[in-house]
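Every number here is computed from the coordinates shown, using simple stated rules; none is lab data. What you see is a predicted model; the values in this text were computed from it and never measured. Heads up, the Cβs are rebuilt from the backbone with ideal geometry, glycines too, and the neighbour counts pull from every protein chain shown.
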Amino acid sequence: MAKETFLFLGDSLIADFDWQKRMNHFKILNYGLAGETTQGLLNRIPSITKEVDNPGLILLMVGTNNLIIEDYSFVSDLQEIIVQLTSRYPATEVITNSLLPCQLPWIKTEALERINKQIEPMTQQTGSCYLDMYSKIKPNPEYFQGDGVHLTPKAYDLWAKCILEFVSFLIEDD
């Protein structure tokens, strides 16, 4: 039996982890790109959808680099990404990951929480699913590398476990 394809889209938080090793019962396609913003990913969607044929699942995690450059108005780009993905892959479950906490002095917790509160209802409107990792990955030193943004292996293990639990719930629910 062929493994179901799981497409990962996003920034370095996606690109920097070996998802295939952690989720070996899926065929992982990692299209994470360091430095990616929502606009950058939106521009890449046409080429990605030409290369990738009908994944069973998509995980979307992008927006952190928008915050780093103090762009707080990217939710509409994120929505357009989801619309394009669900239009191109109507039978595919699209999972939109919340923004994760980060430890940068100019990014306030309130801003992260406000944007996540915009993302969650937007996912419902677009027919995608929302995975809240913000509440699970607490801003603590065990989860972040020295730059305050990139994750440690311990945080990636937690994230991967939560994704697998979420996907199991989706499969049971179908």
Fill in: the range 4-173 - share of DSSP beta bridges that are antiparallel (%, nearest 5)
5
Fill in: Neighbour-count ranking [beta-carbon atoms within 10 angstrom, fewest first] of 69, 163, 107
69, 107, 163
Fill in: Charge context of residue 13, other residues only, Cβ under 12 angstrom, K/R +1, D/E -1
-4
Worksheet, complete the sentence: The longest stretch of the chain containing none of the trypsin sites (Lys or Arg not before Pro) that sit in a DSSP loop with at most 15 other Cβ atoms within 10 Å is 4-107
Item to complete: Give a quick list of chymotrypsin sites (Phe, Trp or Tyr not before Pro) in the range 94-174 that DSSP marks as loop, anything other than H, G, I, E or B, with at most 10 other Cβ atoms within 10 Å.
Response: 106
Worksheet item: Given Cα pairs under 8 Å that are at least 6 residues apart, what percent is the relative contact order of the chain?
Response: 20
Worksheet item: If each residue's Cβ is checked for other Cβ atoms within 10 Å, how do 61, 133 rank with the fewest at the top?
Response: 133, 61
Practice prompt. Residues in the range 83-118, backbone N under 14 Å from the label point at residue 124 (7 Å along the Cα-to-beta-carbon vector): list them, ranges by number please.
Written response: 117-118
Item to complete: Over every pair of different alpha-carbon atoms in the range 1-102, take the mean of 1/r and invert it; report that Kirkwood radius in Å.
Response: 13.8
Discussion item. Can you give me the convex hull volume of the Cα atoms of the range 4-173, divided per residue and expressed in Å³?
Written reply: 104
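So how do 104, 13 line up by other beta-carbon neighbours within 10 Å, fewest first?
104, 13
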